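Beneath this line is the structure, given in structure tokens, with notes to follow.
The values are calculated or read from the model by the stated rules, or taken from the named source; none is laboratory data. Owing to the predicted nature of the structure, the values given are computational and were not obtained by experimental measurement. No Cβ is skipped: glycine too gets one built from the backbone with ideal geometry, and neighbour counts run over all protein chains shown. Just the protein is used for accessible areas: all its heavy atoms, side chains included, with ligands, DNA and RNA removed. Shrake-Rupley method; radii C 1.70, N 1.55, O 1.52, S 1.80 Å.
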Amino acid sequence: MDVYRHMVQEGSTLLRRMEISVAEAEKRTGKNTVNMQEIFTVYLIETRSIDAITEGHNPAPDSLWRRYSEFEILRNYLLVTYPFIVVPPLPEKRAEFVWHKLSADNMDPDFVERRRVGLENFLLRVASHSVLSNDKILYHFLTEEHRWKEVVYETGFQAKADSRIKALSATFRVKNPDKRFTEMKHYSDELQSLTSQLLRVRARVADRLYGVYKVHGNYGRVFSEWSALEKEMGDGLQSAGHHMDAYAASVDDILEEEEHYADQLKEYLFYAEALRAVCRKHELTQYELEMASSDLISKKQQREELATGMVRTFSFKGMTNKLFGQETPEQREAKLSLLEEQIVQGEETVTEKTVECEEYVKGAWVDMQRFKEQKDRDLREALIGYAIMQISMCKKGIQVWTNAKECFHKM
């Protein structure tokens, strides 16, 4: 558990030493693990030393290509290695909360571009985190194209990841839950529910908005046809029709910009799961401590019963002794000796689990507070940005009808 003691000082993050970007995406074909031909996307990661830039040099960035699945390996490694940290999520693998004009195809160029932005955001989040950014595996991921997988698998994280999934999905009840973590877990459930509702509403609004804008194209067509019929009014009607056509066409760019804000909300939809995992891991740590304590109490009670010959609670063993006679002094001594050993081991286990639980709580609570500040700042900015965009869109609509009015005045 040394990792809890190495909460690195703010200011020594990797992002202060290195420029990181996911510069482009490229479609490729190749054979998968079962020797079948497949099409996949790779992403170009570019890095450059900040020191070299500040010293007046402008070196070409180092670059390498990574698949989405490699980003998944990196994140799974971070989840296992730093269970007390709210690890930044990856962008979605396939489009969710789509409206009818938005492609759900994960090879669609617009979707690939948004995912490129999301992957860059993931790397910037990790590289600016005071603990995650100083992990050697992250540095290998960014700088070693071929050998990094060997290095990450050598850590044995995969076996830990499998046991983590089993442990976190197991059913158990903590006797003395930490109220702060219980409340945070409830908050993560609510955050996930509300952001998903908001994204569904936004998708429905986008569908309706698209229809409203595109139907304005019918004004353009009617005004254009009408202009051919009129002599004095013709030019005015034709010009008004052009404004309506432009208005109808503008919705594609508007809704593409909206997807940017939707992706920011989706990030926090996925963050909710990361927050829940930290709370669930704390429950597991607390549960293991409670089980170790309960086992130790049981062993001490058995020792007392053996030493005094008094059985406090009903047991099958006690009934057997009454029916078939008591143990010999030698047997009792042997059992007492074994129990003493088990009690010593149990006390060591309880001490270890207590320290582990206390350190987990300390590390997790610090990171959850960091996450809360980040979330409040990000969502405030995203919602303000979205409102500004809606206001701008309405102003453009007003301008279109103002221009049309001027056209009609000139008729």
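Could you tell me whether region 159-167 includes any residue that is at pLDDT 90 or above and not in a loop (DSSP other than H, G, I, E, B)? The answer is no, given that none of the residues of region 159-167 is at pLDDT 90 or above and not in a loop (DSSP other than H, G, I, E, B). Taking residues in region 232-253 that are in contact (Cβ under 8 Å) with a residue 24 or more places away in the chain, and partners anywhere that are of a type in the set (D, E, K, R) and surrounded by fewer than 15 Cβ atoms within 10 Å (Cβ to Cβ), the pairs with Cβ atoms closer than 7 Å and at least 6 places apart or on different chains are Gly236/Lys410; Leu237/Glu230; Ser250/Lys396. Being within 20 Å of Arg48 (Cβ to Cβ) and crowded, with 17+ Cβ neighbours inside 10 Å is the filter here; which residues of region 141-153 pass it? Residues satisfying the conditions are Phe141, Leu142, Trp148. Here Gln286 fulfils each of the conditions (1) surrounded by fewer than 19 Cβ atoms within 10 Å (Cβ to Cβ); (2) closer than 30 Å to Val355 by Cβ; (3) over 22 Å from the mean Cα position of the chain (by Cα) apart from (1).
Between residues in region 197-220 that are farther than 18 Å from Met244 by Cα and free of Cβ contacts under 8 Å to residues at least 40 places away in the same chain and residues that are of a type outside the set (Ser, Thr, Tyr) and not in a helix (DSSP H, G or I), which pairs lie under 9 Å by C-beta distance while being six or more apart or on different chains? Every condition considered, the pairs that remain are Val205/Trp99. Within region 358-384, residues that are more than 24 Å from Glu259 (Cα to Cα) reach partners that are open to solvent by 80 Å² or more (accessible area, probe 1.4 Å) and at pLDDT below 95 with beta carbons closer than 8 Å, at six or more positions or on different chains, in the pairs Glu359/Met1; Glu359/Arg5; Tyr360/Met1; Trp365/Arg180.
Conditions (1) over 51 Å from the mean Cα position of the chain (by Cα); (2) modelled with pLDDT of 95 or more; (3) open to solvent by 90 Å² or more (accessible area, probe 1.4 Å), marked per residue:
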{"site": "Thr320", "(1), (2), (3)": "yes, no, no"}
{"site": "Phe324", "(1), (2), (3)": "yes, no, yes"}
{"site": "Glu327", "(1), (2), (3)": "yes, no, no"}
{"site": "Arg332", "(1), (2), (3)": "yes, no, no"}
{"site": "Leu338", "(1), (2), (3)": "no, no, yes"}
{"site": "Ile343", "(1), (2), (3)": "no, no, no"}
{"site": "Phe371", "(1), (2), (3)": "no, yes, no"}
{"site": "Gln374", "(1), (2), (3)": "no, yes, no"}
{"site": "Lys410", "(1), (2), (3)": "yes, no, yes"}
